[in-house]
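Student: I am attaching a structure below and will ask some questions about it afterwards.
The values are calculated or read from the model by the stated rules, or taken from the named source; none is laboratory data. What you are looking at is a predicted structure, and each value in this text was computed from that prediction instead of being measured. As a convention, Cβ positions derive from the backbone with ideal geometry for all residues, glycine included, and neighbour counts pool all protein chains shown.
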């Protein structure tokens, strides 16, 4: 259901709005549409999160649990980033991750 449908369900007909009301409606609609998540925004967010984890990981004084947790988060962000950047790169990263897990498990 779109915004227009939702308004009409509430008894609001866009065609019956005044010019100022229409302008407000279309301005608000534009803001909502621009705030939607795109693949590019998601990729940029993942890259920022990866960088933040890298910064935390190079700090000294981390205990073993913190170090392991940060490395796991970093691997997850790297895998997500690779999926978003290149399907082939993602496939290789996934295969490498599976091989690493198999080697650890035995």
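Student: If you go through the range 70-81 one residue at a time, do you hit one that is touching a residue at least 40 places away in the same chain (Cβ under 8 Å) and over 30 Å from residue 12 (Cα atoms)?
Tutor: no
Student: Surrounded by 10 or more Cβ atoms within 10 Å (Cβ to Cβ) and not in a helix (DSSP H, G or I), is that true of residue 62?
Tutor: It is true that residue 62 is surrounded by 10 or more Cβ atoms within 10 Å (Cβ to Cβ) and not in a helix (DSSP H, G or I).
Student: Something else now. Residues of the range 60-76 being at pLDDT below 90 and closer than 15 Å to residue 47 by Cα, which ones?
Tutor: Correct list: empty.
Student: Tally the residues that are more than 21 Å from the chain's Cα centre (by Cα) and surrounded by fewer than 14 Cβ atoms within 10 Å (Cβ to Cβ), restricting the search to the range 74-106.
Tutor: Taking the range 74-106 first, the residues more than 21 Å from the chain's Cα centre (by Cα) are 92, 95-106.
Keeping just the survivors that are surrounded by fewer than 14 Cβ atoms within 10 Å (Cβ to Cβ) gives 92, 95-96, 98-106.
The qualifying residues number 12.
Student: Hey, does the range 22-43 have a residue that's in the same structural domain as residue 96 (by TED's automatic domain parsing), surrounded by 13 or more Cβ atoms within 10 Å (Cβ to Cβ), in a helix (DSSP H, G or I) and out of contact with any helix residue (DSSP H, G or I) (no Cβ under 9 Å at 6 or more places or on another chain)?
Tutor: No, the range 22-43 contains no residue that is in the same structural domain as residue 96 (by TED's automatic domain parsing), surrounded by 13 or more Cβ atoms within 10 Å (Cβ to Cβ), in a helix (DSSP H, G or I) and out of contact with any helix residue (DSSP H, G or I) (no Cβ under 9 Å at 6 or more places or on another chain).
Student: For the structure I just gave you, tell me whether residue 54 is more than 18 Å from residue 101 (Cβ to Cβ) and either modelled with pLDDT of 90 or more or surrounded by 10 or more Cβ atoms within 10 Å (Cβ to Cβ) (or both). I'd like the intermediate steps shown before the answer.
Tutor: On the way: more than 18 Å from residue 101 (Cβ to Cβ): yes; either modelled with pLDDT of 90 or more or surrounded by 10 or more Cβ atoms within 10 Å (Cβ to Cβ) (or both): yes.
The answer is yes for residue 54.
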